[in-house]
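Student: One structure is given below, represented as structure tokens, and several questions about it will come after.
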Amino acid sequence: MAIKLSFQGIEKSETQYHELECYRNINENILILIKDTKCDYGDCKKWIELDKYTAIKLSRELRKQIAAIEEL
């Protein structure tokens, strides 16, 4: 089963037209794609592919940063 998560930026940071997609690809790695949905020129997509170990490290760092926001 394929699962794809999609998130959009927020107006406050002027990223409401940016979309982040995250899913497992056919190589069994995590693919993170960021695209500008308002872009009408050139390459409007950037992506990175992470192996399982690196994806876990990223998720841990995200949790730390989220916790730091909640403490403020």
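Student: Gln8: exposed (fewer than 13 other Cβ atoms within 10 Å of the Cβ) and within 12 Å of the chain's Cα centre (by Cα), yes or no?
Tutor: So Gln8 passes the test.
Student: A follow-up question, please. Quick check: is even one residue across the range 17-31 in contact with a strand residue (DSSP E or B) (Cβ under 9 Å, 6 or more places away or on another chain) and among the basic types (Lys, Arg)?
Tutor: yes
Student: With in a helix (DSSP H, G or I) and modelled with pLDDT under 85 as the only criterion, which of Glu61, Glu70 stands out?
Tutor: Glu70
Student: May I pose another question? Output the residues belonging to the range 26-45 that are exposed (fewer than 11 other Cβ atoms within 10 Å of the Cβ) and at pLDDT 85 or above.
Tutor: Ile26, Asn27, Glu28
Student: Considering only residues that are surrounded by 13 or more Cβ atoms within 10 Å (Cβ to Cβ) and either among the β-branched types (Val, Ile, Thr) or at pLDDT below 90 (or both), which ones fall in the range 49-58?
Tutor: Thr54 - this is the single residue of the range 49-58 that is surrounded by 13 or more Cβ atoms within 10 Å (Cβ to Cβ) and either among the β-branched types (Val, Ile, Thr) or at pLDDT below 90 (or both).
One line per residue, one yes/no per condition, for (1) closer than 20 Å to Leu58 by Cα; (2) in contact with a Phe, Trp or Tyr (Cβ under 9 Å, 6 or more places away or on another chain):
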| residue | (1), (2) |
| --- | --- |
| Ile10 | no, no |
| Thr15 | no, no |
| Leu20 | yes, yes |
| Arg24 | yes, no |
| Asn29 | yes, no |
| Lys35 | yes, yes |
| Tyr41 | no, no |
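The values are calculated or read from the model by the stated rules, or taken from the named source; none is laboratory data. Bear in mind that the values here come from a model prediction, so they are computed numbers and not experimental data. Please note: Cβ atoms are built from the backbone with ideal geometry, for glycine as well, and neighbour counts cover all protein chains shown.
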